[in-house]
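Taking it in order: structure first as structure tokens, then the write-up.
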Amino acid sequence: MKKSGSSFLSAIAVLILLLSSVVVTAQNKPAAPKKYDIAAFLYPAYANDDPRLRPFWPSGIGEWETVMNVQERFPGHYWNRKPVWGTVNEADPAIMSMEINEATKHGVNVFIFDWYWYDGRPFMETTLNNGFLKAENKDKMKFYLMWANHEVVNVWDTRLNKVHEDNVIWTGKVDRDEFEKICKRNIEKYFKLPQYYKIDGKPVFMIYDVPQLIQGLGGLEKTIDALKWFKTETQKAGFPGLELQLTMWSQNTNYSGVDGSKGKAPENDFVKKLGFTSATHYQFVHFTDVNKDYTDILEQVKREWARIDKTFELTYYPHISVGWDNSPRTEKSAVMKNNTPENFAKGLQMAKDYVDAHPKQVPLITINSWNEWTETSYLQPDNVYGYGYLEAIKRVFVK
């Protein structure tokens, strides 16, 4: 009996030791890394199979034409960037599949497609429809739309932009009938896709140019009514609502001069009336002088984020731009200086810290951009920094 009791006690002791070991191991196990949604704007002008691009870029490779002939147009110009992947057709699903792999491997898991509608129909939609949505690995990423409803002038056409830069080719304004057509189409064609990015089940839809929207719809009150209708239609389609996202810059938050109003509505009240529930930036150039050192610009970025937190009740998702220099189109430009991958990583860390300090909101960070080559703000590898910008994202958010 004594021996049996002793064995029993020994077994209990061993069990206690094992349980203690499990507890200690669990306590010492590092927490799972936090996941961030890194969303890069994608400019869909680098396509070969869209006939509506030919009037601007007749060679048939989209705006790669502007990228590749800078030295021919401006002999000896300092801008001489070349894409490591070549002048790829991003409307080709095989090419887009490669880009999805590279993006996700480095931590970019959302594309925000610049989306256009002119002259009663979509424009530059082939990269999304034929490239991204037909890529074999499209389920690795999410996407959402930023309606780039600005006017189209000759700035894209390097043959004419110095002569008729302000000549409006297509207006971004739409009336109520056209607006409803656009919204219904996007709900059915895109929002219902499993790849469409949603926050709390609500599809995210971003609007670039608020004054154009208001002018087209016939005034502030009519715009408020149209956006309410859009939200209701989204709910009718089975979603809990619409995450209406504002492109944050002064023209979109200042009611003065829009719709003939003589007064200036408070920024927050104006945005709330329209029904925007979140915001992010598209480019640093929208709120600061970018003709300076990148680290100085980041200090201005911090102040802008603090101002937004103080002024607005909506949710702000932090934005980081890679750079700015649109001289490939115009020869001369403001130039963001010293925007090395190392300094870009400092901006990414700022955005990460901002998200971590706002734990109640989705950990979404936006970046300009995946491929804005002619504005020199792109993540894709080039002959200057190679994969440096993508590796910076990987260091901050993946490793």
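Okay, here's what the table says:
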quantity: Cα gyration tensor category, rounded, prolate or oblate, for segment 243-360 with a/c compared to 1.5; calculated: oblate
quantity: Sorted by Cβ neighbour density within 10 Å, fewest at the top, the residues I207, I367; calculated: I207, I367
quantity: Gyration tensor verdict on segment 178-292 (Cα atoms; rounded if a/c is under 1.5, prolate if a/b is larger than b/c, oblate otherwise); calculated: oblate
quantity: Over the chain: helical MRE at 222 nm, DSSP H runs n ≥ 4 each giving -39500 (n - 2.57), nearest 500; calculated: -10500 deg cm²/dmol
quantity: Neighbour-count order for L42, L220, L193, fewest beta carbons within 10 angstrom listed first; calculated: L193, L220, L42
quantity: Dipole magnitude (debye, nearest 20) for the chain, charges at Cβ of Lys, Arg, Asp, Glu; calculated: 1720
quantity: Global form of segment 36-398, assessed from the alpha-carbon gyration tensor, a/c cut-off 1.5; calculated: rounded
quantity: Leading residue at positive end of dipole, segment 274-372 (Cβ point charges), from Y317, T330, V290; calculated: Y317
quantity: Set K140/K236; K173/K222; K138/K189; K352/K394; K138/K202 screened for pairs whose C-alpha atoms are more than 18 Å apart; calculated: K140/K236; K138/K202
quantity: Within straight-line cross-link reach of K181, aspartates and glutamates at Cα separation under 15 Å, skipping those fewer than 8 residues along the same chain; calculated: D119, E233
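Read-outs throughout are calculated quantities, based only on the coordinates presented, and are distinct from any laboratory measurement. A quick note: this is a predicted structure, and the numbers were derived from the prediction, not measured. Because the Cβ atoms are built from the backbone with ideal geometry, glycine has one as well, and the counts that use them run over all protein chains shown.
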